[in-house]
1. Among A:Ser58, A:Val177, B:Ile140, pick out the residue whose Cα is farthest towards the positive end of the charge dipole of the protein assembly as shown, where Lys and Arg carry +1 and Asp and Glu carry -1 on C-beta, about the Cα centre.
2. So what's chain B giving for Rg/Rh, alpha carbon basis, Kirkwood Rh from the mean inverse pair distance?
3. Where a ≥ b ≥ c are the square roots of the eigenvalues of the C-alpha gyration tensor, would you call region A:67-276 rounded, which needs a/c under 1.5, or, failing that, prolate if a/b is larger than b/c, or oblate?
4. Counting only GluC sites (Glu not before Pro) that are in a DSSP loop and have at most 16 other C-beta atoms within 10 Å, tell me the longest site-free stretch of chain A.
5. Please list the equivalent ellipsoid semi-axes of region B:7-120, computed as the square roots of five times the alpha-carbon gyration tensor eigenvalues, in descending order and whole angstrom.
6. Which of A:Lys87/A:Lys154; A:Lys198/A:Lys274; A:Lys154/A:Lys271; A:Lys87/A:Lys271; A:Lys198/B:Lys41; A:Lys136/A:Lys271 have a Cα-Cα distance over 25 Å?
7. Carbon and sulfur together cover what percent of the accessible area of the protein assembly as shown at a 1.4 Å probe radius?
8. If you put +1 on each Lys and Arg Cβ and -1 on each Asp and Glu Cβ, how big is the dipole of region A:67-276 around its Cα centre, in Debye rounded to 20?
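The values are calculated or read from the model by the stated rules, or taken from the named source; none is laboratory data. As the structure is a prediction and not an experimental result, all values here were calculated from the model. Neighbour counts run over all protein chains shown; Cβ positions are idealised from the backbone, glycine included. To get the accessible areas, we keep the full protein, side chains included, count just its heavy atoms, and leave off ligands, DNA and RNA. Shrake-Rupley method; radii C 1.70, N 1.55, O 1.52, S 1.80 Å.
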Amino acid sequence: MSHDATHEQPATDAATANESGQRPVPFRGGGFVHRSLGPVAPLVFLAILAVWELGSRSGFISPIALPAPSEAFGALVDLFQTGMLWKHLGASLYRLVVGWTLGSLLGIAVGLFIGLFSLARAGLLPLVSALFPVPKIALLPLFIIWFGIGEGSKVATILFGTFFPTVIATYGGVDNVDRNLIRMGQSFGMSWLSIVRKIILPGAMPAILSGFRISASIAIVLLVAAEMIGAEFGVGAYILMAGALFALDQLIAGVALLSLIGLIIAWLIGKLEKRLLSWRT
Amino acid sequence: MQLLLQNITHHYGGTTVLDDISLTVDDGEIVCIVGPSGCGKSTLLRIAGGLEKPDQGQALLAGPEPDGSLNPLTYIFQDFALLPWRSVEGNVSLVLEDHGIAAAERRAIIADVLARTNLSDFAKALPRQLSGGMKQRVAIARALAVKPAIMLMDEPLSALDSQTRELLMDDLVTLWTRERFSACYVTHNLNEAVRLGRRIIVLSRRPGRIRDVVEIDMPLAERADRLAELETLQRRVWEIMREEAREADREISDVA
Ligand SMILES: Nc1ncnc2c1ncn2[C@@H]1O[C@H](COP(=O)(O)OP(=O)(O)OP(=O)(O)O)[C@@H](O)[C@H]1O
Ligand SMILES: [Mg+2]
């Protein structure tokens, strides 16, 4: 969809050439431009579902290997009718929202510090680089000891998971702010705080928002891990339970729920970008 | 208010960029600084504006600040330096917000400077919607809003096409005739220099030293009609610069 070059048939060029040998200059532009093709995404989605369903019905896909989408849908309807859907979703969304918000806020704050102060950069950046690659799942037992087996450890897992990418996105964004704009602010005698608030923060906003996209996905990934131990409700817990019982229809239903959450979050961030970054071309 | 630069010497790494430069910008005077590329003009202007500390020498201000001046030394940048996320009036407002001015008065100042630069119709536009000439007008409006005593202009018209440059030069002359601002005006363009400068300071190639000073007594407002005389002056400045420029062109810059 993006880098599609436009192919012109040479035949048409030859056909339009008239007797005096005049012919149009071959068109070589086009491509590398995004067009918005509204219904493509849902169509792709529906096509995959249809092929999958057909495969299952015809016996080509064994029900032991992969349940039909209709069965997974049945499991979802089941969840809905027993009222468990909201319990699971509520518990998961709470953990996601609290963990992601705290992680993002802390991440932006620390990222700003690293971006603005040499001392913070020298002291914290190696720490961030050292801790970012540590799988937060491996630390879950530690989190349980520190924050308790209840909500604390689950929120903490998501918080730590979203914190590091946000730090890196934020300080990268601060580094990328046009130095000339900062110099302009200084030359007009703007206070340090004003320069940070009115020049650096908005200038770093595009990077921070694309950091949000990544950290939100990481938060969903970690949700399942966080709900591995001691969670009664939650989409992750539901999936793990279904997995343990080999109830594949429920497993697929749970995964679909996670995807749906991911889609909605991406859409919300898209809205936010439109609002905050409308000044960009 | 007067700006005095005394014996400014400056190095970057091992390279001497400016060597013992002294000059004065008098009240209501436009001083143009020309010189070959890389001779340290921008550096000199940054030092004059207090954005950089010289290794030796000092930049001084003399005389009282004019009444109500919020930022006596005010810059105009070659690349306009407008915040892309703020509208035209937002960009002007930016430099007033730190001064504790009441909102109503601030709006009045903004409306006034936008009117003076013929931008009133574009108050709500974003920078990306404006042409280069318009952007530089916004930057000039922003500078006027803080009632500068001395404007420091670093190639303010270099990013513009020659027609727009002519228009903005006329605007600057009109503005100067009305307000008698002082300015230190750095440029590559000798035509701009002879059109706007009371004095033209010609710098040598790096390390920048004052090579010569050309004084032009012709009133600014008359210059557009006496281009023939300016032409001779411009050629004189070019004669002074030619050798320097040629040598500078052949130099290999070892500074990034
Ligand atoms: N921050 C800096 N660090 C190191 N070297 C610098 C720095 N700024 C400028 N220089 C060097 O100092 C010299 C003078 O630079 P400056 O920008 O003042 O020249 P200029 O006369 O304004 O040039 P131009 O006509 O191209 O604008 C150049 O060789 C440049 O590479
Ligand atoms: Mg320069």
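1. With unit charges placed on the Cβ atoms, the residue in question is A:Ser58.
2. 0.97
3. Prolate is the answer for region A:67-276, as a/c is 1.5 or above and a/b outweighs b/c.
4. Numbers: sites that count: A:Glu8, A:Glu19, A:Glu232.
Segment A:20-231 is the longest.
5. 32, 17, 14
6. Details: A:Lys87/A:Lys154 16 Å; A:Lys198/A:Lys274 19 Å; A:Lys154/A:Lys271 28 Å; A:Lys87/A:Lys271 27 Å; A:Lys198/B:Lys41 29 Å; A:Lys136/A:Lys271 30 Å.
Distance filter (> 25 Å) returns A:Lys154/A:Lys271; A:Lys87/A:Lys271; A:Lys198/B:Lys41; A:Lys136/A:Lys271.
7. 61 percent
8. 920 debye
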